[in-house]
Amino acid sequence: MASAPGSSVRVRFCPSPTGNPHVGLVRTALFNWAFAKHHQGTLVFRIEDTDAARDSEESYNQLLDSLRWLGFDWDEGPEIGGPHAPYRQSQRMDLYKDVAERLLDAGHAYRCYCSQEELDTRRDAARAAGRPSGYDGHCRDLTEAQVAEYQAQGRTPIVRFRMPDETITFTDLVRGELTFTPENVPDFGLVRANGAPLYTLVNPVDDALMEITHVLRGEDLLSSTPRQIALYKALTELGIAQRTPHFGHLPYVMGEGNKKLSKRDPESSLNLYRERGFLPEGLLNYLSLLGWSLSADQDIFTMDEMVAAFDIADVNPNPARFDLKKCEAINADHIRLLDVKDFTERCAPWLKAPFAPWSPEGFDEAKWEAIAPHAQTRLKVLSEITDNVDFLFLPEPVFDEASWTKAMKEGSDALLTTAREKLESADWTSAESLKEAVLAAGEAHGLKLGKAQAPVRVAVTGRTVGLPLFESLEILGKEKTLTRIDAALAKLAA
Ligand code: GLU
Ligand code: ZN
């Protein structure tokens with residue numbers, strides 16, 4: 001559970017509930033969570049659902065479910081409440097309307113009557129002339145007569161923020177000092193013509209009302225920061241904001257072909273990692289490395305270790321590369337770190353329908369407990385468990401054609417016949433004894449252990465690779481092993 005906030009640090013995680021949760025979003029949540037915990041501050045979780053066309057309840061539920069699965073907790077937000085409730089922007093619309101009015105009254109915002117066509121035409125002309133192509137301030141100082149005329153034409157205005165004509169400089173917590181000149185930050189819309197408030201308004205207004213002290217978010221939002229700083233100044237003047245937060249922008253995450261990882265890329269879907277059986281702690285460990293590291297020589301760490309060491313100043317501003325192989329390797333390490341009981345429990349979903357290919361009656365708890373430690377050291381993701389242990393629970397091995405062809409060479413029948421004889425008289429309480437049996441069969445045919453065990457493995461498990469063979473045979477048992485070798489011999493003879 002969330003620890004009692006012990007400092008004035010207040011950060012927020014504020015996703016929009018559109019589509020499936022993706023890894024970029026998780027990374028942002030993680031860094032905010034670690035920052036809050038490190039400073040014993042408060043993590044505010046806010047849902048930015050002001051885009052009725054794109055937001056969905058299903059996505060909202062998924063978001064909550066995913067964050068819980070990952071093990072995040074928050075101090076204020078959905079399911080918890082808090083002093084600034086509600087935490088869903090769709091339930092705060094009156095607040096935004098009020099702030100927009102106050103900004104208009106104070107002259108920090110104005111009504112812009114330009115039509116989209118007019119904006120486009122003037123933007124194209126500005127571009128052609130080599131001038132800045134953002135909004136040109138056309139409606140900044142309309143006379144009453146002009147306003148009356150636009151109204152008479154039936155135009156519905158948007159609300160636009162009046163950017164101060166000054167350079168904005170701030171110190172980004174990740175990137176250091178950044179400067180934006182006025183021509184790069186034109187006046188921007190706050191409220192749509194239909195009255196719907198935009199992200200540009202609701203996000204900083206909520207940050208102000210929720211007394212956020214540090215805004216940590218992706219680099220893609222960097223261009224909105226100078227606008228928000230200007231807006232904050234206006235909100236402070238109006239007594240709505242107490243202070244301007246510090247900003248830190250987390251590096252881009254690059255995917256395949258060094259392109260920015262998009263939430264539409266399949267490998268960015270959080271569900272994929274869940275379904276493949278990544279451990280939350282393995283995935284989070286990897287995602288933390290997208291911009292941060294505990295130390296140069298330690299890739300594997302717990303979230304507690306991350307929290308203890310996390311300093312936003314250590315975040316690397318350079319784009320981070322998403323590397324699925326590394327992500328799997330780190331997950332594999334976390335699987336090994338589990339105690340066996342925990343490991344067996346976490347595998348449980350894959351041992352049952354719909355993931356498991358065997359029938360419930362085929363499953364054998366004692367065999368599973370015997371094989372589990374051998375599997376634990378070999379899995380990259382938990383979903384690999386089914387292929388590794390299916391030979392124990394299916395009535396017959398599933399022969400993969402390529403494995404069969406690869407292992408069953410000329411002479412394999414003779415080898416298998418000898419191996420069967422030696423195994424018949426081996427000590428079935430000792431994997432070592434089974435190994436000696438196969439070793440002896442190999443020697444009889446001039447084969448090293450590796451070559452001799454391949455046909456035995458395929459005959460019994462259906463595959464050329466898998467868990468340690470002799471332990472597998474011991475757990476499967478003498479009778480089934482010998483029956484399978486007989487079946488393979490029959491298949492070879494056919
Ligand atoms: N709802 C915004 C998003 O999901 C939040 C941006 C921000 O952190 O300021 O992109
Ligand atoms: Zn205008």
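The values are calculated or read from the model by the stated rules, or taken from the named source; none is laboratory data. Since we're looking at a predicted model, the values are computed, not measured. All Cβ positions, glycine included, derive from the backbone under ideal geometry; neighbour counts span all protein chains shown. The protein model used for the area step is the full one, side chains on, heavy atoms only, and it has no ligands, DNA or RNA in it. Shrake-Rupley method; radii C 1.70, N 1.55, O 1.52, S 1.80 Å.
Scoring G82 on the criteria (1) touching a helix residue (DSSP H, G or I) at 6+ places or on another chain (Cβ under 8 Å); (2) surrounded by 14 or more Cβ atoms within 10 Å (Cβ to Cβ) leaves a single failure, condition (1). Filtering the stretch 1-21 to residues that are among the hydrophobic types (A, V, I, L, M, F, W, C) and either within 16 Å of ligand 2 (Cβ to nearest atom) or at pLDDT 95 or above (or both) leaves V9, V11, F13, C14.
The residue list S262, S269, S293 contains one member that is closer than 18 Å to I312 by Cβ and not β-branched (V, I, T), which is S293. The number of residues in the stretch 103-121 being in a helix (DSSP H, G or I) and either among the polar types (S, T, N, Q) or surrounded by 16 or more Cβ atoms within 10 Å (Cβ to Cβ) (or both) comes to 4. Looking at the stretch 285-307, is at least one residue open to solvent by 10 Å² or more (accessible area, probe 1.4 Å), of a type in the set (G, A, S) and assigned to a helix (DSSP H, G or I)? So far as the stretch 285-307 goes, no, none of its residues is open to solvent by 10 Å² or more (accessible area, probe 1.4 Å), of a type in the set (G, A, S) and assigned to a helix (DSSP H, G or I). Considering (1) open to solvent by less than 40 Å² (accessible area, probe 1.4 Å); (2) within 15 Å of ligand 1 (Cβ to nearest atom); (3) in contact with a helix residue (DSSP H, G or I) (Cβ under 8 Å, 6 or more places away or on another chain), the lone condition that M210 does not fulfil carries the number (3). Selection of the stretch 185-199 for residues being within 11 Å of ligand 1 (Cβ to nearest atom) and crowded, with 18+ Cβ neighbours inside 10 Å yields an empty set. Filtering the stretch 51-77 to residues that are open to solvent by 30 Å² or more (accessible area, probe 1.4 Å), under 20 Å from D94 (Cα atoms) and either modelled with pLDDT of 95 or more or among the hydrophobic types (A, V, I, L, M, F, W, C) (or both) leaves A52, A53. Y96 fulfils the conditions (1) within 16 Å of ligand 1 (Cβ to nearest atom); (2) over 25 Å from N20 (Cα atoms); (3) part of a loop (DSSP other than H, G, I, E, B) except for a single criterion, (3). Going by what's in this entry, would T181 be described as open to solvent by less than 50 Å² (accessible area, probe 1.4 Å), within 16 Å of ligand 1 (Cβ to nearest atom) and polar (S, T, N, Q)? No: the conditions fail for T181.
Given the structure, is G137 away from ligand 2 (no atom under 16 Å from the Cβ), part of a loop (DSSP other than H, G, I, E, B) and not basic (K, R)? In short, no.
Contact annotation: residue pairs with Cβ atoms under 7 Å, 6 or more positions apart or on different chains, pairing a residue in the stretch 250-268 that is open to solvent by 70 Å² or more (accessible area, probe 1.4 Å) with a partner that is modelled with pLDDT of 90 or more, are K260/Y252; K260/M254; K263/H22; K263/G24; P266/L272.
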